[in-house]
Amino acid sequence: RAKKDGPGKVVVFEPAMHAEALARLTLTADLKQALASDQFRLMYQPLIRLGSGRATGVEALIRWNRPGFGQVPPAGFLPLAEENGMIADIGRWVLRAAGEQAARWRRTIPELTLNVNVSGRQLTDPRFASDVEQTLADCGLPAAAVTLELTESVLMADPRTAVACLSDLRDLGVGLAIDDFGTGYSSLSYLQRLPVDELKIDRAFISRAEPTAADLAVIRTVVELARTLKLRTVVEGVETEEQHVAMRELGCDYGQGYHLCRPIEPQNVPAAFVGPLTT
Ligand code: C2E
Ligand code: MG
Ligand code: MG
Ligand code: MG
């Protein structure tokens, strides 16, 4: 960190700061190359209907094959991309790539639906809804087959703008989900006004090997709330059979998690739609 020992003193950069700043500059430069060099890939994690055990759709999850670094998870580059605005182009790439892929899958699996994560910067772009419309049309993917996932923090940062953006998207016919639900602080009154279709209950609520009575009570409350508001529920982070059974019994509609199915390569997706998962 820069040292300031008082007015007029020289600012000294410590070596650690130099290394950090340099790493960040290289990361930024590399990230700028990534799209043009085709270094992004999508993994897909199935959403499982808890009643039947069948996969009904997939969520696209971005990965970056950064030369010299291997596969970088989203947490390693999306925050930077959001800061410097690169997320707009990356987000457009994700929707197009996932949309084309889902349209291909739907020729043999017509019921397959697609979930795509959207960042706050994308949502507030005034052209976002028309971009989405154009992209889905290009892919030949019906809007009803697509659900866009937004985090609670994004929606709550500016609820008025969020409602306006979501309404435009809703008019296109795409589904809207609140991702990581329960980690932010949505006011219930806004939740009622947001034109959303799906609540994805954050994995923090079932992260314990054996969810406590209090954890289960929270999830039960969210499921009841969702039912009242006519929203689908998806529980994230199902890692054990006990959690799977508990969530099914609580009446969650869908589950996602390592126990149900990990994020998989696109070539393995069709197999995940053959019959109920035997877990
Ligand atoms: P998310 O949308 O909540 O996605 C779920 C994350 O949890 C994924 O991590 C997934 O691999 C992981 N996960 C799934 N099942 C389990 C489980 O049972 N246990 C645990 N511990 N984790 C599980 P991933 O792929 O690293 O993505 C992290 C976040 O990055 C996503 O969270 C999403 O917010 C963001 N993200 C991913 N792809 C995109 C994208 O294309 N665009 C945008 N804007 N954000 C993305
Ligand atoms: Mg998500
Ligand atoms: Mg999530
Ligand atoms: Mg999450």
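Taking the Cα atoms of segment 134-211, the ratio Rg/Rh between the radius of gyration and the Kirkwood radius comes to 1.05.
Cβ-Cβ distance of Glu249 and Ala157, R₀ of 41 Å, FRET efficiency by 1/(1 + (r/R0)^6): the value works out to about 0.70. Taking Cα centre as origin and charging only the Cβ of basic (Lys, Arg, +1) and acidic (Asp, Glu, -1) residues, the dipole magnitude of segment 2-160 rounds to 260 debye.
Only helices enter the 222 nm calculation for the chain: every DSSP H run of n ≥ 4 contributes -39,500 (n - 2.57), and dividing by all residues gives -13000 deg cm²/dmol, rounded to 500. Helices in the chain that qualify as membrane-span-like (whole DSSP H runs, Cα extent of at least 30 Å along the helix axis, mean Kyte-Doolittle hydropathy of -0.5 or higher) are 87-108.
The alpha-carbon positions of segment 129-279 define a convex hull whose volume is 126 Å³ per residue. On alpha-carbon atoms, Rg over Rh for the chain using Kirkwood Rh? Rounded to two decimals, Rg over Rh is 1.01.
Sorting the segments 152-159, 24-31 by their residues' average number of neighbouring beta-carbon atoms within 10 angstrom, most packed first, yields 152-159, 24-31.
Dividing the Cα radius of gyration of segment 88-135 by 2.2 N^0.38 Å, with N the residue count, gives 1.23.
In summary, segment 52-205 shows an alpha-carbon radius of gyration equal to 1.04 times the 2.2 N^0.38 Å reference for compact globular proteins. According to the square roots a ≥ b ≥ c of the eigenvalues of the Cα gyration tensor, what is the shape class of segment 88-167, taking rounded for a/c under 1.5, prolate for a/b larger than b/c otherwise, and oblate for the remainder? It comes out prolate by the Cα gyration axes.
GNM remark for the chain: springs join alpha carbons under 10 Å apart, and the peak mean-square fluctuation among His244, His259, His18 falls on His18. Among 106-113, 143-150, 55-62, 161-168, sorting by the average number of other beta carbon atoms lying within 10 angstrom of each residue, highest first, gives 55-62, 143-150, 161-168, 106-113. Each Lys and Arg contributes +1 and each Asp and Glu -1, all at the Cβ; summed about the Cα centre of the chain, the dipole is approximately 280 debye. Counted over the chain, the DSSP beta bridges are approximately 45% antiparallel. The Cα center of segment 194-212 and the Cα center of segment 137-192 differ in position by 17 Å. Please give the residues of segment 93-122, grouped as numeric ranges, whose backbone N is less than 20 Å from a label point set 7 Å along the Cα-to-Cβ vector of Asp38. Residues 93-105 qualify, since their backbone N sits under 20 Å from the label point.
For Ala29 and Phe69, the difference between the fully extended length at 0.36 nm per residue and the C-alpha to C-alpha distance is 13.0 nm.
Throughout, read-outs are computed from the coordinates displayed, never taken from laboratory work. In this text, all values refer to a predicted model and were calculated from it rather than measured experimentally. Here Cβ is always computed from backbone atoms with ideal geometry, including for glycine, and neighbour counts include all displayed protein chains.
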